[in-house]
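Reviewing the structure listed below.
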Amino acid sequence: MNWRAVGIGFVVEIVLGVFAFAIPGVGHAAAGLIGGFVAGYIAGGGLLSGAWHGLVAGALGGILIAVTLGLGAGVIGTIGLGPLGPFLGGTVFLVALVVALLMAIDSAIAGAVGGLVG
């Protein structure tokens, strides 16, 4: 496992993910694809190695986003919505985890391509 490749791919996904809020949906998918490609390219080693490194980078980025969104929605929901706050926070957290899984999958595909190129 090349943790340097995973770390760089993770940072690329997070930085691009921050700017992706300007283009919801498309921007986050692009951030996952580019970060996964970078991780796979740096790791090299072919299709499986690139896919693995892209998957790990995408999963870490997606989990960080899911936790941040879940905690933020929970705190805001608890303050503003009374008894519905924890329910709203939990629902947002579960939706964010599904999005995190989807980010990991597209990062793995792009990582496989990056592993072939690198």
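The values are calculated or read from the model by the stated rules, or taken from the named source; none is laboratory data. Predicted model only: the values in this text are computed from it and were never measured. Using ideal geometry, Cβ is built from the backbone for each residue, glycine included, and neighbour counts are taken over all protein chains shown.
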Apart from one, (1) surrounded by fewer than 24 Cβ atoms within 10 Å (Cβ to Cβ); (2) touching a Lys or Arg at 6+ places or on another chain (Cβ under 9 Å) all hold for Ala43; the odd one out is (1)
Test Ala31 against the stated conditions and say whether it is more than 10 Å from the chain's Cα centre (by Cα) and buried (at least 18 other Cβ atoms within 10 Å of the Cβ).
no
The lone condition Ala51 fails out of (1) at pLDDT 90 or above; (2) more than 18 Å from Gly118 (Cβ to Cβ) is (2)
Only unsatisfied item for Ala57, checking (1) modelled with pLDDT of 90 or more; (2) more than 13 Å from the chain's Cα centre (by Cα), is (2)
- Item | Flag for Ala57 being of a type in the set (A, V, I, L, M), within 23 Å of Leu94 (Cβ to Cβ), touching a residue at least 24 places away in the same chain (Cβ under 8 Å) and buried (at least 24 other Cβ atoms within 10 Å of the Cβ) | yes
